[in-house]
Amino acid sequence: MESNARAILLIGDGMADRPVASLGNRTPLEAADTPNLNRLAREGESGMMDPISPGIRAGSDTGHLAILGYDPYQVYTGRGPFEAAGIGMEVSRGDVSFRCNFSTVDADMAVIDRRAGRITEGTDQLAQAINGLQIEDVTFFFKESVAHRGALVMHGPGLGAKVSDIDPHREGERILEATPLDPQDGASRKTAHLLNQWVRRTYEILKDHPVNLQRYAKGLPPANIVLPRGVGVAPDIDEFDKLHDVVSACVVETGLIRGIARYVNMDLIDVPGATGGLDSDIMAMGQAILTALEDHNFVLCNVKGPDVAGHDGDGEAKVEIIHRLDEMVGLLYENLGEEDVLVVTADHATPCVVKDHSGDSVPIVFWCPTGRVDDVTEFHERAVTRGGLGRIRGVNVMPMITQLMGVQEKFGA
Ligand code: ZN
Ligand code: ZN
(Lines give C-alpha, C1' and ligand atoms only; values in the text may rest on other atoms or scores of the structure.)
(Ligands and ions follow the chains in the order given, each with its own letter.)
Protein backbone atom coordinates (compact mmCIF):
# COMPACT_ATOMS: atom_id res chain seq x y z
CA MET A 1 0.00 0.00 0.00
CA GLU A 2 1.45 3.38 -1.05
CA SER A 3 1.50 5.97 1.69
CA ASN A 4 3.32 9.22 2.37
CA ALA A 5 2.10 9.37 5.94
CA ARG A 6 4.55 9.84 8.75
CA ALA A 7 3.99 9.14 12.43
CA ILE A 8 5.39 10.43 15.70
CA LEU A 9 4.97 8.45 18.90
CA LEU A 10 5.71 10.80 21.79
CA ILE A 11 6.05 9.20 25.21
CA GLY A 12 6.14 11.35 28.32
CA ASP A 13 7.94 8.90 30.60
CA GLY A 14 5.82 8.23 33.69
CA MET A 15 3.70 11.27 32.77
CA ALA A 16 0.40 9.85 34.06
CA ASP A 17 -0.35 10.46 37.72
CA ARG A 18 -2.93 10.47 40.50
CA PRO A 19 -4.39 13.56 42.23
CA VAL A 20 -1.66 15.58 43.98
CA ALA A 21 -2.66 17.44 47.17
CA SER A 22 -0.36 20.40 46.55
CA LEU A 23 -1.92 20.82 43.08
CA GLY A 24 -5.43 21.11 44.53
CA ASN A 25 -6.03 17.38 44.14
CA ARG A 26 -5.46 17.58 40.41
CA THR A 27 -3.00 15.45 38.48
CA PRO A 28 0.00 17.29 36.96
CA LEU A 29 -1.61 16.90 33.51
CA GLU A 30 -4.83 18.46 34.86
CA ALA A 31 -2.98 21.26 36.64
CA ALA A 32 -0.68 22.12 33.73
CA ASP A 33 -1.72 24.63 31.08
CA THR A 34 -1.47 22.50 27.91
CA PRO A 35 -3.09 24.26 24.95
CA ASN A 36 -1.27 22.10 22.40
CA LEU A 37 -2.06 18.75 23.99
CA ASN A 38 -5.66 19.91 24.42
CA ARG A 39 -5.84 20.77 20.72
CA LEU A 40 -4.72 17.21 19.87
CA ALA A 41 -7.49 15.91 22.14
CA ARG A 42 -10.06 18.24 20.53
CA GLU A 43 -9.08 17.33 16.97
CA GLY A 44 -8.31 13.65 17.64
CA GLU A 45 -9.45 10.59 19.52
CA SER A 46 -8.46 9.84 23.11
CA GLY A 47 -8.68 7.07 25.65
CA MET A 48 -6.97 5.14 28.39
CA MET A 49 -4.10 2.76 27.80
CA ASP A 50 -2.77 -0.02 30.01
CA PRO A 51 0.86 -0.38 28.92
CA ILE A 52 0.91 -4.12 29.74
CA SER A 53 -2.52 -4.97 31.17
CA PRO A 54 -4.78 -3.42 33.82
CA GLY A 55 -3.04 -3.06 37.17
CA ILE A 56 0.37 -4.28 36.04
CA ARG A 57 3.18 -1.94 37.10
CA ALA A 58 5.34 -1.57 34.01
CA GLY A 59 9.02 -0.74 34.00
CA SER A 60 10.19 1.70 31.36
CA ASP A 61 11.69 -1.22 29.45
CA THR A 62 8.66 -3.54 29.54
CA GLY A 63 6.31 -0.58 28.97
CA HIS A 64 8.20 0.48 25.86
CA LEU A 65 8.52 -3.07 24.55
CA ALA A 66 4.74 -3.48 24.78
CA ILE A 67 4.01 -0.14 23.13
CA LEU A 68 6.47 -0.97 20.34
CA GLY A 69 4.54 -4.18 19.67
CA TYR A 70 6.52 -6.81 21.57
CA ASP A 71 4.76 -8.82 24.30
CA PRO A 72 7.07 -8.37 27.30
CA TYR A 73 5.93 -11.70 28.75
CA GLN A 74 7.29 -13.37 25.60
CA VAL A 75 10.52 -11.43 25.13
CA TYR A 76 11.65 -9.98 28.44
CA THR A 77 13.71 -11.90 30.98
CA GLY A 78 15.63 -8.98 32.49
CA ARG A 79 17.07 -5.58 31.65
CA GLY A 80 20.65 -6.78 31.09
CA PRO A 81 20.51 -7.11 27.27
CA PHE A 82 18.94 -3.67 26.80
CA GLU A 83 21.32 -2.06 29.27
CA ALA A 84 24.26 -3.50 27.29
CA ALA A 85 22.81 -2.52 23.91
CA GLY A 86 22.15 0.97 25.29
CA ILE A 87 25.86 1.58 25.87
CA GLY A 88 26.74 0.39 22.38
CA MET A 89 27.71 -3.22 23.06
CA GLU A 90 27.00 -5.90 20.48
CA VAL A 91 24.27 -8.15 21.82
CA SER A 92 23.34 -11.20 19.75
CA ARG A 93 20.21 -13.31 20.10
CA GLY A 94 20.82 -15.89 22.83
CA ASP A 95 23.56 -13.92 24.62
CA VAL A 96 23.15 -13.60 28.37
CA SER A 97 23.70 -10.08 29.69
CA PHE A 98 23.90 -8.35 33.04
CA ARG A 99 24.04 -4.87 34.46
CA CYS A 100 27.10 -4.63 36.65
CA ASN A 101 28.67 -2.57 39.39
CA PHE A 102 32.35 -2.04 40.03
CA SER A 103 32.50 -2.86 43.75
CA THR A 104 35.00 -3.17 46.58
CA VAL A 105 35.55 -6.47 48.37
CA ASP A 106 38.06 -7.58 50.98
CA ALA A 107 40.26 -10.67 50.64
CA ASP A 108 37.40 -12.79 52.09
CA MET A 109 35.10 -11.61 49.27
CA ALA A 110 32.97 -9.61 51.70
CA VAL A 111 31.50 -6.52 50.07
CA ILE A 112 32.93 -3.31 51.56
CA ASP A 113 31.36 -0.88 49.07
CA ARG A 114 28.86 -1.96 46.40
CA ARG A 115 29.74 1.11 44.29
CA ALA A 116 33.50 1.28 44.86
CA GLY A 117 33.25 4.78 46.34
CA ARG A 118 31.13 5.81 43.32
CA ILE A 119 34.26 5.68 41.21
CA THR A 120 34.23 8.10 38.27
CA GLU A 121 37.73 7.88 36.82
CA GLY A 122 39.68 5.03 35.28
CA THR A 123 36.74 2.66 34.77
CA ASP A 124 37.51 2.56 31.05
CA GLN A 125 40.99 1.19 31.82
CA LEU A 126 39.58 -1.31 34.32
CA ALA A 127 36.99 -2.40 31.77
CA GLN A 128 39.66 -2.86 29.12
CA ALA A 129 41.62 -5.14 31.46
CA ILE A 130 38.71 -7.56 31.81
CA ASN A 131 37.01 -7.22 28.42
CA GLY A 132 37.10 -10.26 26.15
CA LEU A 133 38.00 -12.91 28.73
CA GLN A 134 37.40 -16.43 27.50
CA ILE A 135 36.24 -19.21 29.83
CA GLU A 136 35.64 -22.56 28.12
CA ASP A 137 33.62 -21.76 24.96
CA VAL A 138 32.14 -18.48 26.24
CA THR A 139 33.53 -14.98 25.70
CA PHE A 140 32.82 -12.33 28.34
CA PHE A 141 32.48 -8.82 26.91
CA PHE A 142 32.49 -6.00 29.41
CA LYS A 143 32.04 -2.27 29.02
CA GLU A 144 31.87 0.55 31.53
CA SER A 145 28.97 3.01 31.52
CA VAL A 146 28.27 5.88 33.90
CA ALA A 147 30.24 6.12 37.19
CA HIS A 148 30.53 2.68 38.88
CA ARG A 149 28.22 0.99 36.38
CA GLY A 150 28.86 -1.27 33.44
CA ALA A 151 27.43 -4.18 31.49
CA LEU A 152 28.50 -7.76 30.79
CA VAL A 153 27.60 -9.83 27.74
CA MET A 154 28.25 -13.58 27.81
CA HIS A 155 28.51 -14.79 24.22
CA GLY A 156 28.62 -18.49 23.48
CA PRO A 157 26.48 -21.58 22.87
CA GLY A 158 23.88 -23.01 25.23
CA LEU A 159 23.56 -20.29 27.84
CA GLY A 160 20.52 -19.79 30.10
CA ALA A 161 19.42 -16.81 32.15
CA LYS A 162 17.67 -18.41 35.10
CA VAL A 163 20.44 -17.92 37.64
CA SER A 164 20.52 -16.47 41.14
CA ASP A 165 22.26 -13.23 42.00
CA ILE A 166 25.93 -12.87 42.93
CA ASP A 167 25.54 -9.39 44.34
CA PRO A 168 24.41 -9.79 47.99
CA HIS A 169 22.87 -6.28 47.67
CA ARG A 170 24.14 -5.59 51.19
CA GLU A 171 27.49 -4.39 52.40
CA GLY A 172 29.40 -6.50 54.93
CA GLU A 173 28.19 -9.77 53.40
CA ARG A 174 30.24 -12.11 51.25
CA ILE A 175 29.44 -12.32 47.57
CA LEU A 176 27.14 -15.17 46.68
CA GLU A 177 27.60 -18.11 44.33
CA ALA A 178 25.34 -17.92 41.31
CA THR A 179 23.24 -21.09 41.05
CA PRO A 180 20.68 -22.23 38.45
CA LEU A 181 17.15 -21.55 39.73
CA ASP A 182 16.19 -24.99 38.42
CA PRO A 183 18.96 -27.61 38.91
CA GLN A 184 17.64 -29.51 35.83
CA ASP A 185 18.20 -26.46 33.59
CA GLY A 186 21.56 -27.26 32.00
CA ALA A 187 21.85 -23.98 30.11
CA SER A 188 21.43 -21.91 33.25
CA ARG A 189 23.76 -24.27 35.14
CA LYS A 190 26.42 -23.53 32.54
CA THR A 191 25.87 -19.77 32.90
CA ALA A 192 26.14 -19.93 36.70
CA HIS A 193 29.24 -22.13 36.61
CA LEU A 194 31.11 -19.84 34.20
CA LEU A 195 29.87 -16.59 35.74
CA ASN A 196 31.22 -17.55 39.18
CA GLN A 197 34.64 -18.14 37.63
CA TRP A 198 34.49 -14.85 35.74
CA VAL A 199 33.67 -12.81 38.85
CA ARG A 200 36.71 -14.26 40.64
CA ARG A 201 38.85 -13.57 37.57
CA THR A 202 37.79 -9.91 37.67
CA TYR A 203 39.05 -9.78 41.26
CA GLU A 204 42.39 -11.38 40.35
CA ILE A 205 42.89 -8.94 37.47
CA LEU A 206 41.56 -5.78 39.08
CA LYS A 207 42.97 -5.96 42.60
CA ASP A 208 46.48 -4.88 41.58
CA HIS A 209 45.53 -2.85 38.51
CA PRO A 210 47.39 0.52 38.35
CA VAL A 211 44.07 2.41 38.63
CA ASN A 212 43.42 0.65 41.92
CA LEU A 213 46.99 1.07 43.20
CA GLN A 214 46.44 4.80 42.76
CA ARG A 215 43.12 4.57 44.59
CA TYR A 216 44.78 2.73 47.54
CA ALA A 217 47.40 5.48 47.64
CA LYS A 218 44.70 8.15 47.84
CA GLY A 219 42.75 6.25 50.50
CA LEU A 220 39.88 5.50 48.10
CA PRO A 221 38.12 2.13 47.97
CA PRO A 222 39.48 0.10 45.03
CA ALA A 223 37.16 -1.06 42.24
CA ASN A 224 38.51 -4.57 42.65
CA ILE A 225 35.61 -6.73 41.53
CA VAL A 226 32.63 -6.63 39.16
CA LEU A 227 29.26 -7.74 40.51
CA PRO A 228 26.64 -8.65 37.88
CA ARG A 229 22.85 -8.47 38.41
CA GLY A 230 19.69 -7.92 36.34
CA VAL A 231 20.37 -11.00 34.18
CA GLY A 232 18.49 -11.35 30.93
CA VAL A 233 18.75 -13.37 27.74
CA ALA A 234 18.69 -11.46 24.46
CA PRO A 235 15.35 -12.37 22.86
CA ASP A 236 14.93 -13.57 19.30
CA ILE A 237 12.57 -10.86 18.06
CA ASP A 238 11.89 -9.17 14.72
CA GLU A 239 13.41 -5.84 13.87
CA PHE A 240 10.95 -3.01 14.44
CA ASP A 241 10.89 -1.84 10.82
CA LYS A 242 10.20 -5.35 9.57
CA LEU A 243 7.49 -5.96 12.15
CA HIS A 244 5.58 -2.77 11.35
CA ASP A 245 6.63 -2.01 7.78
CA VAL A 246 8.04 1.43 8.60
CA VAL A 247 11.40 3.20 8.44
CA SER A 248 12.02 4.24 12.01
CA ALA A 249 14.21 6.46 14.11
CA CYS A 250 14.22 7.30 17.78
CA VAL A 251 15.00 10.36 19.82
CA VAL A 252 15.43 9.15 23.39
CA GLU A 253 17.30 10.32 26.45
CA THR A 254 17.96 7.29 28.63
CA GLY A 255 20.34 4.39 28.09
CA LEU A 256 17.67 1.78 28.79
CA ILE A 257 15.20 2.97 26.12
CA ARG A 258 18.11 3.59 23.80
CA GLY A 259 19.11 -0.03 24.33
CA ILE A 260 15.65 -1.28 23.37
CA ALA A 261 15.59 0.92 20.26
CA ARG A 262 19.06 -0.20 19.26
CA TYR A 263 18.23 -3.85 19.89
CA VAL A 264 15.26 -3.71 17.50
CA ASN A 265 17.43 -1.80 15.04
CA MET A 266 15.78 1.62 15.01
CA ASP A 267 18.04 4.50 13.93
CA LEU A 268 19.32 6.37 16.99
CA ILE A 269 19.44 10.15 16.93
CA ASP A 270 21.57 12.04 19.43
CA VAL A 271 20.35 15.39 20.68
CA PRO A 272 22.86 17.69 22.37
CA GLY A 273 21.20 19.14 25.47
CA ALA A 274 18.87 16.18 25.97
CA THR A 275 19.98 15.23 29.48
CA GLY A 276 17.24 12.90 30.68
CA GLY A 277 16.70 15.28 33.60
CA LEU A 278 14.38 18.17 34.39
CA ASP A 279 16.81 20.57 32.66
CA SER A 280 16.62 18.73 29.34
CA ASP A 281 16.35 20.74 26.11
CA ILE A 282 12.97 19.41 25.01
CA MET A 283 12.58 21.83 22.10
CA ALA A 284 15.88 20.52 20.69
CA MET A 285 14.35 17.04 20.84
CA GLY A 286 11.32 18.35 18.95
CA GLN A 287 13.60 19.76 16.25
CA ALA A 288 15.43 16.43 16.08
CA ILE A 289 12.11 14.62 15.52
CA LEU A 290 11.30 16.93 12.60
CA THR A 291 14.75 16.42 11.10
CA ALA A 292 14.39 12.64 11.49
CA LEU A 293 11.06 12.76 9.63
CA GLU A 294 12.91 13.93 6.51
CA ASP A 295 14.19 10.39 5.92
CA HIS A 296 12.09 8.21 8.24
CA ASN A 297 8.33 7.73 8.40
CA PHE A 298 8.17 6.77 12.06
CA VAL A 299 9.85 8.50 15.00
CA LEU A 300 9.69 7.38 18.62
CA CYS A 301 10.49 10.05 21.20
CA ASN A 302 10.77 9.52 24.96
CA VAL A 303 11.00 12.51 27.28
CA LYS A 304 12.28 11.29 30.64
CA GLY A 305 11.61 14.34 32.85
CA PRO A 306 8.05 13.55 34.02
CA ASP A 307 9.25 10.22 35.45
CA VAL A 308 12.10 11.94 37.29
CA ALA A 309 9.66 14.42 38.87
CA GLY A 310 7.28 11.57 39.75
CA HIS A 311 10.03 9.56 41.51
CA ASP A 312 10.90 12.76 43.41
CA GLY A 313 7.23 13.16 44.39
CA ASP A 314 7.46 16.71 43.03
CA GLY A 315 4.11 17.65 41.47
CA GLU A 316 5.19 21.23 40.68
CA ALA A 317 8.27 20.03 38.79
CA LYS A 318 6.09 17.60 36.87
CA VAL A 319 3.71 20.41 35.87
CA GLU A 320 6.70 22.45 34.69
CA ILE A 321 8.12 19.70 32.50
CA ILE A 322 4.65 18.99 31.08
CA HIS A 323 4.46 22.69 30.09
CA ARG A 324 7.65 22.27 28.12
CA LEU A 325 6.48 19.03 26.56
CA ASP A 326 3.33 20.88 25.50
CA GLU A 327 5.46 23.51 23.74
CA MET A 328 7.22 20.73 21.88
CA VAL A 329 3.85 19.32 20.82
CA GLY A 330 3.04 22.78 19.45
CA LEU A 331 6.18 22.72 17.34
CA LEU A 332 5.39 19.25 15.98
CA TYR A 333 1.79 20.23 15.23
CA GLU A 334 2.88 23.23 13.16
CA ASN A 335 5.04 20.97 11.01
CA LEU A 336 2.79 17.99 10.37
CA GLY A 337 0.92 17.38 7.13
CA GLU A 338 -2.52 16.17 6.14
CA GLU A 339 -1.67 12.46 6.30
CA ASP A 340 0.56 12.51 9.36
CA VAL A 341 -0.13 10.89 12.72
CA LEU A 342 0.82 12.16 16.16
CA VAL A 343 0.28 9.99 19.21
CA VAL A 344 1.02 11.15 22.75
CA THR A 345 0.99 8.86 25.77
CA ALA A 346 3.09 7.54 28.66
CA ASP A 347 4.91 4.24 29.21
CA HIS A 348 3.37 3.92 32.71
CA ALA A 349 2.20 6.20 35.50
CA THR A 350 4.72 7.48 38.06
CA PRO A 351 2.38 9.09 40.61
CA CYS A 352 3.96 11.70 42.86
CA VAL A 353 2.16 10.13 45.83
CA VAL A 354 3.72 6.72 45.05
CA LYS A 355 7.18 7.99 43.99
CA ASP A 356 7.46 4.90 41.79
CA HIS A 357 5.65 3.31 38.88
CA SER A 358 2.05 2.31 39.51
CA GLY A 359 -0.36 0.03 37.67
CA ASP A 360 -2.73 2.87 36.77
CA SER A 361 -3.79 3.35 33.17
CA VAL A 362 -2.29 6.26 31.19
CA PRO A 363 -3.99 8.75 28.86
CA ILE A 364 -3.42 8.42 25.14
CA VAL A 365 -4.41 10.58 22.19
CA PHE A 366 -4.31 9.76 18.46
CA TRP A 367 -4.26 12.80 16.20
CA CYS A 368 -4.48 12.47 12.42
CA PRO A 369 -6.17 15.06 10.17
CA THR A 370 -8.08 12.29 8.39
CA GLY A 371 -8.69 10.22 11.53
CA ARG A 372 -11.65 10.05 13.87
CA VAL A 373 -12.63 12.76 16.33
CA ASP A 374 -14.39 12.26 19.65
CA ASP A 375 -15.86 14.70 22.18
CA VAL A 376 -12.79 14.90 24.44
CA THR A 377 -11.35 18.43 24.52
CA GLU A 378 -8.55 18.15 27.08
CA PHE A 379 -5.62 15.78 27.52
CA HIS A 380 -5.50 14.41 31.05
CA GLU A 381 -6.37 11.30 33.05
CA ARG A 382 -9.94 12.37 33.84
CA ALA A 383 -10.95 13.79 30.46
CA VAL A 384 -9.79 10.81 28.38
CA THR A 385 -11.99 8.37 30.31
CA ARG A 386 -14.84 9.62 28.06
CA GLY A 387 -12.80 9.16 24.87
CA GLY A 388 -13.60 7.14 21.78
CA LEU A 389 -10.70 4.76 22.16
CA GLY A 390 -12.05 3.40 25.42
CA ARG A 391 -9.38 1.37 27.14
CA ILE A 392 -6.62 -0.19 25.05
CA ARG A 393 -3.33 -1.96 25.77
CA GLY A 394 0.23 -1.10 24.89
CA VAL A 395 0.51 -3.80 22.21
CA ASN A 396 -2.50 -2.25 20.42
CA VAL A 397 -0.73 1.07 19.83
CA MET A 398 1.49 0.23 16.85
CA PRO A 399 -1.25 -1.47 14.78
CA MET A 400 -3.49 1.52 15.48
CA ILE A 401 -0.75 3.83 14.20
CA THR A 402 0.15 1.81 11.10
CA GLN A 403 -3.48 1.47 10.01
CA LEU A 404 -3.91 5.25 10.28
CA MET A 405 -0.70 5.69 8.27
CA GLY A 406 -2.05 3.29 5.66
CA VAL A 407 1.01 1.03 5.72
CA GLN A 408 -0.56 -2.03 7.32
CA GLU A 409 -1.27 -5.15 5.25
CA LYS A 410 -4.85 -6.36 5.31
CA PHE A 411 -5.45 -9.48 7.43
CA GLY A 412 -7.50 -11.64 5.10
CA ALA A 413 -8.94 -11.06 1.63
ZN1 ZN B 1 9.27 4.92 32.09
ZN1 ZN C 1 10.73 5.49 36.55
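Here are a few things to note about the model shown:
- Members of segment 168-190 found to be surrounded by fewer than 22 Cβ atoms within 10 Å (Cβ to Cβ) and charged (D, E, K, R), listed by number: Arg170, Glu171, Glu173, Arg174, Glu177, Asp182, Asp185, Arg189
- Cβ separations smaller than 6 Å between residues 6+ apart or across chains give the following pairs from segment 8-26 residues that are of a type outside the set (Asp, Glu) to residues that are within 12 Å of ligand 2 (Cβ to nearest atom) and in a helix (DSSP H, G or I): Gly12/Pro306; Gly14/Pro306; Gly14/Asp307; Gly14/Gly310; Met15/Pro306.
- Looking only at segment 48-63, residues that are outside any helix (DSSP H, G or I) and either basic (Lys, Arg) or within 16 Å of ligand 2 (Cβ to nearest atom) (or both) come to 6 in all.
Results for (1) assigned to a helix (DSSP H, G or I); (2) basic (Lys, Arg); (3) within 16 Å of ligand 1 (Cβ to nearest atom), shown as yes or no for each residue.
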position	(1), (2), (3)
Glu30	yes, no, no
Asn38	yes, no, no
Ser46	no, no, no
Leu65	yes, no, yes
Gly78	no, no, no
Met89	no, no, no
Phe98	no, no, no
Phe102	no, no, no
Asp108	no, no, no
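- Within segment 220-249, the only residue that satisfies the criterion of being among the aliphatic types (A, V, I, L, M), surrounded by fewer than 21 Cβ atoms within 10 Å (Cβ to Cβ) and within 25 Å of Leu126 (Cβ to Cβ) is Leu220.
- Test for His148: is it closer than 22 Å to Gly232 by Cβ and exposed (fewer than 14 other Cβ atoms within 10 Å of the Cβ): no
- Val252 fulfils the conditions (1) open to solvent by 10 Å² or more (accessible area, probe 1.4 Å); (2) within 16 Å of ligand 2 (Cβ to nearest atom); (3) of a type in the set (A, V, I, L, M); (4) at pLDDT 95 or above except for a single criterion, (4).
- Single residue of segment 110-145 satisfying the filter (under 18 Å from Tyr216 (Cα atoms) and either part of a strand (DSSP E or B) or outside the structural domain of Asn224 (by TED's automatic domain parsing) (or both)) that is farthest from the chain's Cα centre (by Cα): Ala110
- Segment 264-292 - residue that is in contact with a Lys or Arg (Cβ under 8 Å, 6 or more places away or on another chain) and open to solvent by 10 Å² or more (accessible area, probe 1.4 Å) and, of those, farthest from ligand 2 (Cβ to nearest atom): Met283
- Here Arg215 passes the criteria (1) crowded, with 19+ Cβ neighbours inside 10 Å; (2) touching a Leu at 6+ places or on another chain (Cβ under 7 Å); (3) outside any loop (DSSP other than H, G, I, E, B); (4) not β-branched (Val, Ile, Thr) except the one numbered (2).
- When residues in segment 164-189 are screened for being within 30 Å of Thr120 (Cβ to Cβ) and either in contact with an Asp or Glu (Cβ under 6 Å, 6 or more places away or on another chain) or hydrophobic (A, V, I, L, M, F, W, C) (or both), 4 of them pass.
- Segment 301-354, subset under 13 Å from Gly12 (Cβ atoms) and among the hydroxyl-bearing types (Ser, Thr, Tyr), residue farthest from ligand 2 (Cβ to nearest atom): Thr345
- Hey, His357 open to solvent by 10 Å² or more (accessible area, probe 1.4 Å), within 23 Å of Leu65 (Cα to Cα), within 16 Å of ligand 2 (Cβ to nearest atom) and touching a residue at least 24 places away in the same chain (Cβ under 8 Å) or not: yes
- Just one of (1) crowded, with 21+ Cβ neighbours inside 10 Å; (2) part of a loop (DSSP other than H, G, I, E, B); (3) among the basic types (Lys, Arg) fails for Arg93. It is (1).
- Subset of segment 67-90 (residues that are of a type in the set (A, V, I, L, M, F, W, C), open to solvent by 10 Å² or more (accessible area, probe 1.4 Å) and within 21 Å of Leu126 (Cα to Cα)): Ile87, Met89
- Residues satisfying the stated conditions in segment 8-66, i.e. among the basic types (Lys, Arg) and either under 14 Å from Thr350 (Cα atoms) or surrounded by 24 or more Cβ atoms within 10 Å (Cβ to Cβ) (or both): Arg18, Arg57
- Selected residue [more than 19 Å from the chain's Cα centre (by Cα) and modelled with pLDDT of 95 or more] from Val299, Val365, Val308, Val303: Val365
The values are calculated or read from the model by the stated rules, or taken from the named source; none is laboratory data. Being a predicted model, the structure only gives us computed values, none of them experimental. Every residue, glycine among them, receives a Cβ derived from its backbone with ideal geometry; neighbour counts consider all protein chains shown. All accessible areas refer to the heavy atoms of the entire protein, side chains included, with ligands and DNA or RNA removed. Shrake-Rupley method; radii C 1.70, N 1.55, O 1.52, S 1.80 Å.
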